[in-house]
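Colleague: A single structure is presented below for examination.
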Amino acid sequence: MISFLKRYKNHFIWLIVGLALALRLTALLNYGLSLYLNSDDAGYISSAVTFLETGMLTYHDPTHPTVHIMPGQTVLLASIFFFLGHGDLGIYAAKTLFILLGTLNVYLVYCLGKYIANIKVGLLAAFFLAIFVPQVLTDNLLLTETPFMTCLLGLVYFSIKLANEKKMSHFFLLMLFYVSAIMFKATIALYPFVLLIYFIAKKYPLKLALKQALIAIGILLITLGPWWVRNYIHYDEFIPLTGGSGNPLLLGTYQGHGYNIGEPYEKVKQDIKDMDTAHAYERLSLQKEAAIERIKTWWEEDPQLFLKSYIEFKTINQWETQFYWIEIFNISKELVNKIQVWIMYLGLASLTVFFLLREGKREYMFLLLLILYTTILNNIFFSYDRYNQPFMFIVFLFIAGFLTTFIHLVMKKVFSLKPQ
């Protein structure tokens, strides 16, 4: 039996990928178009339709260009709607594409785990992602999380391969996924700073790093340049990525302990809405100003509670639950959140993998830095479980690494005690 498992272990991933695809398609067949939030997904669909009709990227107001979002999601959906329309057929086609991307993500997690550790880690982490019900749901929703996760996995995978193999082909693939990831979520823009720490730990050649940094700057100028020009034409100012940070920054000042300063959120938002503003960008800018004022006041009145809120409360708040707005397969939100708490406990326990591994420690450190990066960024703005979901694969990799290493050590100990 053991020899059979060893012989065919390279084929197990296809069973896991098949399981992932089956679960996601089953959700689509069972629930169809009812898997719809009428929230951001509605905004992206509307944006794609307007883009096809006018060639203009919009979000809040279909008559005015937006900088609230990056263009990736709109362009992706518009590409499907161009051929199949934006009726039921087009929506089903878009959902099917997202399901395929979600299934691809399972395979990419396997590749990543296999590369940084071994095939057992890759298989186990891929299995966790394949059956992770909140992810099954998200892969059926037309949100940015699924395509962003594909880009993020490609980015992380080729970053690690570049650090170890130093091939220019890996560098260009890294840049492809980096630019693609930015087009879906601007929050990944500071990723190079995390990568720099990893490269320093890997003692990456300085001369090669400088050469690639210059090429990277050139690629960014070419790919993001048109976006900068477009934003300057519409808003008469340099907007490097998006101008939508005002709302999450303001919302973030209403999380934690001791934030009851000034007016309630809805009152602040309504007062700004009532002002004579030309478009949504101005309202978002005013929300940013209101948020900064609230942060200053909060800090002056009670710096201890401010720090407790932004460091402790927000961290727990964004990791103790899962983004799971629609219940599927008769699995309740309550059960999902209970499981999530245990996943995070196991994830924290899995940090001991640093003390158990002989190789791959720097890779696990890099993955941990990515978790810290997204956590800190969300803490600054608005801590929300949905924003962390594309990073859950890192938690699964840690757990898989811990479990496989622990089991190996136990088995080694048991067989060493076996009578000869």
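Colleague: When you go through ILE311, ILE371, ILE339 one by one, which is the residue that is open to solvent by 70 Å² or more (accessible area, probe 1.4 Å), assigned to a helix (DSSP H, G or I), among the β-branched types (Val, Ile, Thr) and within 27 Å of TYR110 (Cβ to Cβ)?
Modeller: On inspection, the qualifying residue turns out to be ILE339.
Let's see how each residue does on (1) in contact with a Ser or Thr (Cβ under 7 Å, 6 or more places away or on another chain); (2) without any contact (Cβ under 8 Å) to a residue 60 or more places away in the chain; (3) open to solvent by 20 Å² or more (accessible area, probe 1.4 Å); (4) within 30 Å of ILE233 (Cβ to Cβ):
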residue: GLN73; (1), (2), (3), (4): yes, no, no, yes
residue: LEU77; (1), (2), (3), (4): no, no, no, yes
residue: GLY85; (1), (2), (3), (4): no, yes, yes, no
residue: PHE98; (1), (2), (3), (4): yes, yes, no, no
residue: GLY102; (1), (2), (3), (4): yes, no, no, no
residue: ASN140; (1), (2), (3), (4): no, no, no, no
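Colleague: Now, a different point. Could you say which residue among LEU305, LEU351 is at negative phi, in contact with a Leu (Cβ under 8 Å, 6 or more places away or on another chain), at pLDDT below 95 and of a type outside the set (S, T, N, Q)?
Modeller: Numbers: LEU305 fails: in contact with a Leu (Cβ under 8 Å, 6 or more places away or on another chain).
The match here is LEU351.
Colleague: So for the stretch 287-308 (the condition being within 17 Å of ILE376 (Cα to Cα) and not aliphatic (A, V, I, L, M)), does at least one residue qualify?
Modeller: yes
Colleague: With (1) in contact (Cβ under 8 Å) with a residue 60 or more places away in the chain; (2) open to solvent by 10 Å² or more (accessible area, probe 1.4 Å) as the list, and LEU112 as the residue in question, which single condition is left unmet?
Modeller: With respect to (1) in contact (Cβ under 8 Å) with a residue 60 or more places away in the chain; (2) open to solvent by 10 Å² or more (accessible area, probe 1.4 Å), LEU112 is out only on (2).
Colleague: Give the residues of the stretch 347-364 that are open to solvent by less than 60 Å² (accessible area, probe 1.4 Å) and either without any contact (Cβ under 8 Å) to a residue 40 or more places away in the chain or hydrophobic (A, V, I, L, M, F, W, C) (or both), sorted by residue number.
Modeller: Selection gives ALA349, LEU351, VAL353, PHE354, LEU357.
Colleague: Any residue that is in a loop (DSSP other than H, G, I, E, B), more than 27 Å from the chain's Cα centre (by Cα) and at pLDDT below 95 - is there at least one of those in the stretch 85-93?
Modeller: The answer is no, given that none of the residues of the stretch 85-93 is in a loop (DSSP other than H, G, I, E, B), more than 27 Å from the chain's Cα centre (by Cα) and at pLDDT below 95.
Colleague: With the structure loaded, tell me whether LEU224 is closer than 30 Å to SER169 by Cα, in a loop (DSSP other than H, G, I, E, B) and in contact (Cβ under 8 Å) with a residue 40 or more places away in the chain or whether it fails that test.
Modeller: No; evaluated as a whole, the condition is false for this residue.
Colleague: Another one. For the stretch 290-297, indicate whether the set of residues that are hydrophobic (A, V, I, L, M, F, W, C), within 30 Å of MET275 (Cα to Cα), surrounded by fewer than 16 Cβ atoms within 10 Å (Cβ to Cβ) and in contact (Cβ under 8 Å) with a residue 12 or more places away in the chain is non-empty. Don't jump to the end; show me each part of the working.
Modeller: Of the residues in the stretch 290-297, the ones hydrophobic (A, V, I, L, M, F, W, C) are 290-292, 295.
From what is left, the residues that are within 30 Å of MET275 (Cα to Cα) are 290-292, 295.
In the following step, the residues that additionally are surrounded by fewer than 16 Cβ atoms within 10 Å (Cβ to Cβ) were identified as 292.
Subsequent filtering for residues that are in contact (Cβ under 8 Å) with a residue 12 or more places away in the chain retains 292.
Looking through the stretch 290-297, at least one residue is hydrophobic (A, V, I, L, M, F, W, C), within 30 Å of MET275 (Cα to Cα), surrounded by fewer than 16 Cβ atoms within 10 Å (Cβ to Cβ) and in contact (Cβ under 8 Å) with a residue 12 or more places away in the chain.
Colleague: Please go through the stretch 374-416 and pick out each residue that is among the small types (Gly, Ala, Ser) and either open to solvent by less than 20 Å² (accessible area, probe 1.4 Å) or within 15 Å of the chain's Cα centre (by Cα) (or both).
Modeller: Matches in the stretch 374-416: SER383, ALA400, GLY401.
Each row is one residue, and each column tells you yes or no for (1) modelled with pLDDT of 95 or more; (2) more than 23 Å from LEU100 (Cα to Cα); (3) touching a Pro at 6+ places or on another chain (Cβ under 8 Å).
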residue: LEU142; (1), (2), (3): yes, no, no
residue: PHE158; (1), (2), (3): yes, no, no
residue: LEU196; (1), (2), (3): yes, yes, no
residue: GLN212; (1), (2), (3): yes, yes, no
residue: LEU224; (1), (2), (3): yes, yes, yes
residue: SER245; (1), (2), (3): no, yes, no
residue: LEU250; (1), (2), (3): no, yes, no
residue: THR253; (1), (2), (3): no, yes, no
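Colleague: Which residue out of PHE4, PHE51 is at pLDDT 95 or above, aromatic (Phe, Trp, Tyr) and either out of contact with any Gly (no Cβ under 6 Å at 6 or more places or on another chain) or more than 30 Å from TYR115 (Cα to Cα) (or both)?
Modeller: Result: PHE51 is the single residue among PHE4, PHE51 that is at pLDDT 95 or above, aromatic (Phe, Trp, Tyr) and either out of contact with any Gly (no Cβ under 6 Å at 6 or more places or on another chain) or more than 30 Å from TYR115 (Cα to Cα) (or both).
Colleague: Conditions: (1) assigned to a helix (DSSP H, G or I); (2) over 25 Å from GLY72 (Cβ atoms); (3) open to solvent by less than 40 Å² (accessible area, probe 1.4 Å); (4) not hydrophobic (A, V, I, L, M, F, W, C). LYS267 meets all but one. Number of the miss?
Modeller: (3)
Colleague: Can I ask one more? From (1) open to solvent by 50 Å² or more (accessible area, probe 1.4 Å); (2) assigned to a helix (DSSP H, G or I); (3) closer than 30 Å to LYS114 by Cβ; (4) modelled with pLDDT of 95 or more, pick out the condition that doesn't hold for PHE329.
Modeller: (2)
Colleague: Scan the stretch 270-284 residue by residue and report those that are open to solvent by less than 50 Å² (accessible area, probe 1.4 Å) and more than 16 Å from TYR59 (Cα to Cα).
Modeller: Passing the criteria: ILE272, THR277.
Colleague: Go through the stretch 105-131 and give me each residue that's β-branched (Val, Ile, Thr) and in contact with a Gly (Cβ under 6 Å, 6 or more places away or on another chain).
Modeller: Hits for the stretch 105-131 are ILE116, VAL121.
Colleague: Can you find a residue that is under 24 Å from THR375 (Cβ atoms) and more than 19 Å from the chain's Cα centre (by Cα) anywhere in the stretch 170-181?
Modeller: Looking for residues that are under 24 Å from THR375 (Cβ atoms) and more than 19 Å from the chain's Cα centre (by Cα), one finds none in the stretch 170-181, hence no.
The values are calculated or read from the model by the stated rules, or taken from the named source; none is laboratory data. Keep in mind the model is a prediction, meaning the values are calculated, not measured. Note: ideal-geometry Cβ built from the backbone for every residue, glycine included; neighbour counts use all protein chains shown. Side chains included, ligands, DNA and RNA excluded: accessible areas come from the protein's heavy atoms. Shrake-Rupley method; radii C 1.70, N 1.55, O 1.52, S 1.80 Å.
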